[in-house]
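Working notes, beginning with the structure itself.
Values in this text are rule-based calculations from the coordinates and carry no lab data. Model, not experiment: these values are computed from the prediction. Ideal geometry is used to build each Cβ from the backbone, glycine not excepted, and the neighbour counts take in all protein chains shown.
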Amino acid sequence: MRAFFHPDQSLHDPQQFMRVGVISDPKDLPSRTEALLSALAQRGVIPEQPSDYGIQPALTIHAKPYLEFLQTAYERWRAIPEAGPEVLPNVSPYWNGSPAQHQRPACRSSSVVAQAGYYLGDLAVPISAHTWTSALRSSHSATAAVDAVLDGAGVAYALCRPSGHHARVDRASGFCYINSSAIAAQRLRSQFGRVAVLDVDAHHGDGTQEIFYRRRDVLTVSTHVDPDAYYPYYIGYADELGHGEGEGYNLNIPVPPKSGDEAYHRAIDQGVDKILTFRAQALVVALGYDSHRDDPIGLLNVSTEGFRGIGERIRAIGLPTVVVQEGGYQISVIGDCLEQFLAGLVGNQTLLQEG
C-alpha cells in the first residue's frame, strides 16, 4: 500500500465558519494533517509527494468557471475596500436541484460578491490566500493514489485536505472545494468499467452523489447520519436512487444520531452488499472520522476501535482500492482512528513506499 500527501495541503488555514447562527472557530485545522502523518509514521511511512498534475484532473469533474473562481477569488475579494479577511457569501441564488441537471451555467455577473454567492454553498467554505493551492494539491494526492493503483498497487491512501465530498460540479460547501473522491473515481474509470464509491464519513457525500447521479458506471454508496437531523439536510435520504440511466446506482444508508459501532457496521455491510451486487471492479473509499464519539461536530457514537471494523469490511471486498481522506475534526483521536482503520484494511503490513 502506498500513501500520498503534499505539504501545500496544510497551507489552507480558515479563520471562521458559521454554525447554527454563530461565527465559530474553524474545525478544519492544518494540524489535522500532522496527526494523520504521525499515525502513518507509526507504520514507518513517509508519504510520497504527488507530482504536479495541474488543473486537468479537477476539470474531469468540475466546471471551468467554478475552478477559475476558486483560483482568483481571494485576490479579487481583497481588492474590495470593506471586504472581510476571507471570501464568504452574503447572497445566495436559487437553484432548483433538478436531478436531471448536471450543472448550472456560469454565473452571469462578473462581480466576485455575486460569484461568491453562486459558487459557495454555505458559510463553511471561506477562501483565503492559500485555499486554492491546498485544494488543488489535495486533488493531486488523490490522482497520484489512483495512478499507483492503476500501476498495480492493491491499495493506496490519499491524505487529502481540505476534504472534497461535499463539493459539486460548480459549488463548494461543507469545508470542501474540489471533490477528490469523485476525481479518483473518474480516473479509475480509465481502466475499470465499473467503479464504486463507498463514503463512510458521518456526513452524506452529497457532492459525489450529485456528480454521478445520472450515471450507471459509477455506483455511489453513502453511510451517514440521517440528514433530517444533520448536515447537509436537503439531500442524503434513502429514496434518492439515481436519475435516468443512473437510477438504481445510488444508495444512501442514513443511520439515527447516536448510533454506535454495531449500527454503523451494519450500514456499511449493507453498502458492501450493494457494491458486490454491482460487480464493481475498483473502489474509492471516502474516509471520515467525524463519526467518532468525540468529534466536535459529530452526532455518532463510533469508537476508535470501530474503525478497524470498517477497514476489515473494505478489505473483504477485495478490490483495487483508493482511500481518500475526508472529514474528522477531533485531532486527539483521528490519528488513532487511521491506525485502527489501517489495521483492519492491511493488517500488520507496512505501507510500501515506491517511486
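Taking the convex hull of the alpha carbon atoms in the stretch 282-344, what volume per residue do you get, in Å³?
About 70 Å³ per residue, rounded to a whole number.
Using the Karplus curve 6.51 cos²θ - 1.76 cosθ + 1.60 with θ = phi - 60°, work out ³J(HN,Hα) for each residue of the stretch 244-255 in order, rounded to whole Hz, and write x for Gly and Pro.
Karplus-based 3J(HN,Hα) across the stretch 244-255 equals x, 4, x, 5, x, 10, 9, 10, 9, 10, x, 10 Hz.
Taking only Cα atoms and a 10 Å spring cutoff, compute GNM fluctuations for the chain and point out the largest among 81, 105, 26.
Of 81, 105, 26, the Gaussian network model singles out 81 as fluctuating most.
Of 327, 246, 178, whose Cα points farthest to the positive end of the dipole of the chain (charges on the beta-carbon: +1 Lys, Arg; -1 Asp, Glu; origin at the Cα centre)?
Result: 246, furthest along the dipole toward the positive end.
Based on the alpha-carbon gyration tensor of the stretch 159-221 and its eigenvalue square roots a ≥ b ≥ c, which shape applies: rounded if a/c is under 1.5, prolate if not and a/b is larger than b/c, or oblate?
It is prolate, given that a/c is not under 1.5 and a/b is the larger ratio.
Using a 7 Å offset from the Cα along the Cα-to-Cβ direction at both residue 51 and residue 64, what is the distance between the two label points in nm, to one decimal?
2.3
Can you show me the helix-derived [θ] at 222 nm for the chain, built from DSSP H runs with n ≥ 4 at -39,500 (n - 2.57) apiece and divided by the number of residues, rounded to the nearest 500.
Per the formula, -10500 deg cm²/dmol.
Show me the chymotrypsin sites (Phe, Trp or Tyr not before Pro) within the stretch 35-117 that DSSP assigns to loop and that have at most 10 other Cβ atoms within 10 Å of their Cβ.
Passing both the DSSP loop test and the Cβ count: 94.
Over the Cα atoms of the stretch 238-287, Rg to Rh with Kirkwood Rh, two decimal places?
A ratio of 1.00.
What size of dipole, in debye to the nearest 20, comes out for the chain about its Cα centre when the only charges are +1 on Lys and Arg C-beta atoms and -1 on Asp and Glu C-beta atoms?
Charge dipole of the chain: 700 debye, to the nearest 20.
What do you get for Rg/Rh of the stretch 54-141 when both radii come from the Cα atoms and Rh is the Kirkwood radius?
Taking Rh as the inverse mean 1/r over Cα pairs, Rg/Rh reads 0.96.
Taking the stretch 241-355 as the region of interest, what is the percent of Cα-Cα pairs per 5 angstrom bin, listed from the shortest bin to the one with the maximum distance?
Per 5 Å bin, starting at 0, the Cα pair percentages come out as 2, 11, 19, 23, 20, 13, 7, 3, 1.
If the elastic network links every pair of Cα atoms under 10 Å, which of 145, 158, 41 fluctuates the most in the Gaussian network model of the chain?
In the Gaussian network model the winner is 41.
For the stretch 204-355, give the magnitude of the charge dipole about the Cα centre (Cβ charges: +1 Lys/Arg, -1 Asp/Glu; no others), in debye to the nearest 20.
360
Compare the Cα positions of 134, 345, 301 along the charge dipole of the chain (+1 at Cβ of Lys, Arg; -1 at Cβ of Asp, Glu; about the Cα centre) and return the one farthest towards the positive end.
Selected residue: 134.
Can you give the angle from 0 to 90° between the axis of helix 131-150 and the longest principal axis of the chain, with both taken from C-alpha atoms, to the nearest 10?
Helix 131-150 and the main axis of the chain meet at about 30 degrees.
Given the options 259, 190, 128, state which has the largest fluctuation in a GNM of the chain using a 10 Å cut-off (strictly under) for Cα springs.
Ranking 259, 190, 128 by mean-square fluctuation puts 190 first.
Using the alpha carbon gyration tensor of the stretch 1-66, what are the three equivalent-ellipsoid semi-axes (square root of 5 times each eigenvalue), largest first, in whole Å?
Gyration-tensor ellipsoid for the stretch 1-66: 26, 22, 9 Å.
Suppose the Debye formula is applied to equal point scatterers at every Cα of the stretch 10-166; what is log10 I(q)/I(0) at q = 0.18 Å⁻¹?
-1.22
How far is the Cα center of the stretch 228-289 from the Cα center of the stretch 35-103, in Å?
When both Cα centres are located, 24 Å separates them.
Suppose every K and R has +1 on its Cβ and every D and E has -1 on its Cβ; what is the size of the dipole of the stretch 1-112 about the Cα centre, in Debye to the nearest 20?
Result for the stretch 1-112 is approximately 400 debye, rounded to the nearest 20.
What does the net charge come to around residue 181 if you take all other residues with beta carbon closer than 14 Å to its beta carbon, with K and R at +1 and D and E at -1?
-1
Calculate, axis by axis, the spread of Cα positions in the chain along the three principal axes, and write the results as whole Å, longest axis first.
56, 43, 40
Would you work out which of 81, 70, 4 lies farthest towards the positive end of the dipole of the stretch 1-93, given +1 charges on the beta-carbon of Lys and Arg and -1 on that of Asp and Glu, about the Cα centre?
Most positive-ward Cα: 4.
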